[in-house]
Amino acid sequence: MSELKTTSQEEREVILSASDLHVGYGSVLALHGVSLEIKKGELVSICGINGSGKTTIMRTLAGVLKPKSGKITFKGTDITGKKPEQVHKLGVALVPQGREIFPSLTVAENLRIGAFGCYKPAQYQKDLETMFELFPILKERYNQGGGLLSGGEQQMLAIARGLMSNPDLLMLDEPSLGLSPNRVDQIFELIEELKSRGMTILLVEQNAERAASISDRVYLLSNGRVEFSGKAEDMASAIDVASLYMGGKEEVK
Amino acid sequence: MSLSIVIEFIINVLSMGSLYALIALGLVIVYGICKLINFAYGEYITAAAYLLVFCAGLSLPWWVAFVLAILGGALIGFLSELIAYRPFRGRSLDALLVTSFGISIILQRVFQVFISPRPKAVNLPAFMSATISLFGITTPLRNIIVIITTAVLLLVLLYIMQKTPLGIAMRAAAENFTTARLMGVNANLVISTAFIISGFLAGFVCLFWVARTGSVEPTLGASPLLIGFIAVVVGGMNSLPGAVVGGYLYALVANVLSLALPTSLLSYRDAIMFVIVICFLVLKPEGLIRGNYQEERVG
Ligand SMILES: Nc1ncnc2c1ncn2[C@@H]1O[C@H](COP(=O)(O)OP(=O)(O)OP(=O)(O)O)[C@@H](O)[C@H]1O
Ligand SMILES: [Mg+2]
């Protein structure tokens, strides 16, 4: 990983690329030709108002939704239309919006499911230790039901569960949603920690400004289309309405 | 009330309840994962029973015939999912429900046309119709066998669901199918496993059901299916423990009614059972044990 950090951004290999994705629910399109690219070791965030299609992008990349047209390539493999379990096996982990942990399963079992498709005992023990180090609370609550954890703890569990498969790409869909300010800080620290360990991350955050400040690049989504992509600091000047999406101001101009 | 009556009552409740619990479990294990009420489940029992008739007619040792019938049940569970349900899985739940009706009817017709519309007698080993004396009462030996068999099966199932990765994955998939798939849980694997376990249980059920009726006919599966529904309505569609509780509770109420009702009302026992079920549907539609399963379609 250390050599990666010394490589400049532009030289890094592209790990995931999606081109011209059209995705809909029933006959209604939610994405109208979205293209995006993530390079190895990058932290990329997607921002946009509620309903702009952020979750739809992530669910499509993870294989839950099938695109009507367009192409997704991951580590050189065409994964368009592949099943979620197949995409997961190739190294994509999605931590879904709303956490979606399994409440009646224990913390231990939730973590075990995270590594379902790629279980190797020795590696698993090692990863478990890493999770305990990142999230001490999970060690304390290891044999408790996941549903008994607090919202913040459940989010920790959801992220840890996603990490148990040692993914090459981690997608976090609004990990700080509904958490107290303290917990939000914790989540952001964690994301930076993961990035420093070389993890490739695609992030969707309610707190877009803060997400942009730690991201290498930002995609701004509006009504299922990419309005802007590039470095966060270029966004405001490149696009007039950016403030609306970034700061939540009611009026533009 | 003398002690022997109490013991007889307990054995009756436990033996009937064990069978009913197995029946209900076979329904709920599929419902939990696919949210499908599998009307063809009764025909799994019938098919396994015909296989038992066939194998018992050959000069095989009894236990080989039993094992073959049970494996046959598992096989038909597996195949029906593979051939009939899987192609429709992406569609609506209603489509699946209609499919299950269809499979049920087709299988009944197949039994009628290719086997016989009339009951076929089954040749079971003598111990299945023997009686034993226990604590001063005399009861069919198979009542004791079904209690013990069910206890063992429940323990095995509990072990599988709690301790094996596949069992944990099945519980996860029952709670939230899509998220389980996002974690790498193979959809086909857990669904097939659920149908295999369902058919496997149907195989066990057929052994004890046929031992009671002595014969097999094309519509044999209808009564156990109905019993399964009732147990499941009472216990809760959404949890495996609920199915077991529902099965034993059904047997308890049925036996209490048999004892308590005057002879003139005894023929109304089933009607009273249905009234109780309707009350459950109205007052406690989620059943006694709610479970954590999500009511979401599997696609
Ligand atoms: N299951 C669904 N069925 C039908 N339409 C849906 C469904 N999920 C999302 N949509 C629609 O698709 C569009 C994009 O939704 P999506 O959930 O991707 O937005 P989002 O950017 O993640 O929003 P949020 O910030 O609220 O999470 C919205 O217009 C939404 O109404
Ligand atoms: Mg969203």
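The values are calculated or read from the model by the stated rules, or taken from the named source; none is laboratory data. All values reported here derive from a predicted model rather than from experimental measurement. A quick note on method: Cβ atoms are made from the backbone with ideal geometry, for glycine too, and the neighbour counts reach across all protein chains shown. When the accessible area is computed, the model is the full protein with side chains, heavy atoms only, and any ligands, DNA or RNA have been set aside. Shrake-Rupley method; radii C 1.70, N 1.55, O 1.52, S 1.80 Å.
Here are some notes:
- Output for the stretch B:170-229, where each listed residue is without any contact (Cβ under 8 Å) to a residue 24 or more places away in the chain and within 14 Å of another protein chain (Cβ to nearest Cβ): B:171, B:172, B:179, B:180, B:181, B:182, B:183, B:184, B:185, B:186, B:189
Table: residues versus (1) open to solvent by 30 Å² or more (accessible area, probe 1.4 Å); (2) charged (D, E, K, R); (3) farther than 12 Å from residue A:173 by Cα; (4) within 14 Å of another protein chain (Cβ to nearest Cβ).
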residue	(1), (2), (3), (4)
A:37	yes, yes, yes, no
A:42	no, yes, yes, no
A:50	yes, no, yes, no
A:57	no, no, no, no
A:64	yes, no, yes, yes
A:70	yes, no, yes, no
A:73	yes, no, yes, no
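- Test for residue B:95: is it touching a helix residue (DSSP H, G or I) at 6+ places or on another chain (Cβ under 9 Å), surrounded by fewer than 18 Cβ atoms within 10 Å (Cβ to Cβ) and not polar (S, T, N, Q): yes
- In the stretch A:138-147, the residues that are in a helix (DSSP H, G or I) and within 20 Å of residue A:96 (Cβ to Cβ): A:138, A:146, A:147
- Being open to solvent by less than 10 Å² (accessible area, probe 1.4 Å), in contact with a helix residue (DSSP H, G or I) (Cβ under 9 Å, 6 or more places away or on another chain) and in a helix (DSSP H, G or I) holds for only one residue in B:36, B:51, B:27, and it is B:27.
- Among residues that are within 16 Å of ligand 1 (Cβ to nearest atom) and at positive phi, residue A:41 is not included.
- Within the stretch B:130-143, the set of residues being crowded, with 16+ Cβ neighbours inside 10 Å and modelled with pLDDT of 90 or more comprises B:139, B:140, B:141, B:142, B:143.
- Residues of the stretch A:140-150 satisfying the condition of being over 24 Å from the mean Cα position of the chain (by Cα) and farther than 13 Å from residue A:110 by Cβ: A:140
- Where a residue in the stretch B:156-169 is closer than 16 Å to residue A:120 by Cα and facing chain A (nearest Cβ under 10 Å) and its partner, wherever it lies, is among the basic types (Lys, Arg) and surrounded by 14 or more Cβ atoms within 10 Å (Cβ to Cβ), with Cβ under 7 Å and at least six apart: B:165/A:112
- Taking the numbered list (1) modelled with pLDDT under 95; (2) of a type outside the set (Phe, Trp, Tyr); (3) open to solvent by 10 Å² or more (accessible area, probe 1.4 Å); (4) farther than 22 Å from residue B:187 by Cα in turn, residue A:104 passes all entries but (4).
- The number of residues in the stretch A:75-101 that are within 15 Å of ligand 1 (Cβ to nearest atom) and open to solvent by less than 20 Å² (accessible area, probe 1.4 Å) comes to 3.
- Per the listing A:143, A:110, the residue uniquely open to solvent by less than 60 Å² (accessible area, probe 1.4 Å), of a type outside the set (Gly, Ala, Ser) and closer than 21 Å to residue B:170 by Cβ is A:110.
- Hey, residue B:287 modelled with pLDDT under 85, within 22 Å of the chain's Cα centre (by Cα), surrounded by 22 or more Cβ atoms within 10 Å (Cβ to Cβ) and at positive phi or not: yes
- Check on residue A:153, out of contact with any Ser or Thr (no Cβ under 9 Å at 6 or more places or on another chain), away from ligand 1 (no atom under 16 Å from the Cβ) and without any contact (Cβ under 8 Å) to a residue 24 or more places away in the chain: yes
- Of the residues A:173, A:168, the single one that is surrounded by fewer than 21 Cβ atoms within 10 Å (Cβ to Cβ), within 14 Å of chain B (Cβ to nearest Cβ) and within 23 Å of residue A:42 (Cβ to Cβ) is A:168.
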